[in-house]
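J.: Got a structure for you, questions after.
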Amino acid sequence: MTHDQPPEEGARSFQVSLETAKPVEGFSGGVIANHVMVSTAENLFILDFLRVVPTPSPNGLVPDATLVERVFLSPHIMKGLVDAIQNVIADYERRWSISLPNLKQIEQKRE
């Protein structure tokens with residue numbers, strides 16, 4: 001994550017590179033997720049990444065969800081992640097000359 005603001009007083013600054021980062025044992029190189037659920041505790045954000053696929057049942061297709069990854073983040077890291085994602089999405093939309101719909105727009109189309 002990159003930040004445009006100077007580090008807080010007394011904070012240590014360091015750079016992390018994907019080229020030098022060591023994967024944890026058992027790291028598979030990534031997973032496919034098409035849904036994410038975010039929940040919170042007092043000092044924690046929890047991101048559950050799910051893979052949801054339609055599964056046939058006697059009542060038709062029903063969603064079948066598999067938890068593929070759970071990530072725990074401190075509030076400080078979560079805020080930085082949200083800022084970084086917003087910047088990356090803005091860059092993506094400019095680069096490809098598109099405007100991605102937000103969740104409210106998607107839900108309105110379903111109604």
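J.: Which one of T66, V24, G80 has its Cα pushed farthest toward the positive end of the charge dipole of the chain, where Lys and Arg give +1 and Asp and Glu give -1 at the Cβ?
T.: Going by the charge dipole, the pick is T66.
J.: Based on the Kirkwood radius over alpha-carbon pairs, what value in µm²/s does the Stokes-Einstein equation return for the translational diffusion coefficient of the chain at 10 °C and 1.306 mPa s?
T.: Values: Rh = 17.8 Å.
So the translational diffusion coefficient is about 89 µm²/s.
J.: So, one more: In terms of modelled amide H atoms, which long-range or inter-chain residues lie less than 5 Å from the amide H of E69?
T.: F49
J.: Also: Can you pull the three principal axis extents for the Cα set of the range 31-73, in Å, largest first?
T.: 43, 21, 10
J.: Can you give the angle from 0 to 90° between the axis of helix 75-96 and the longest principal axis of the chain, with both taken from C-alpha atoms, to the nearest 10?
T.: 70
Every number here is computed from the coordinates shown, using simple stated rules; none is lab data. Keep in mind that what you see is a predicted model, and the values were worked out from it rather than measured. In this analysis, Cβ positions are derived from the backbone assuming ideal geometry, glycine residues included, and neighbour counts consider all displayed protein chains.
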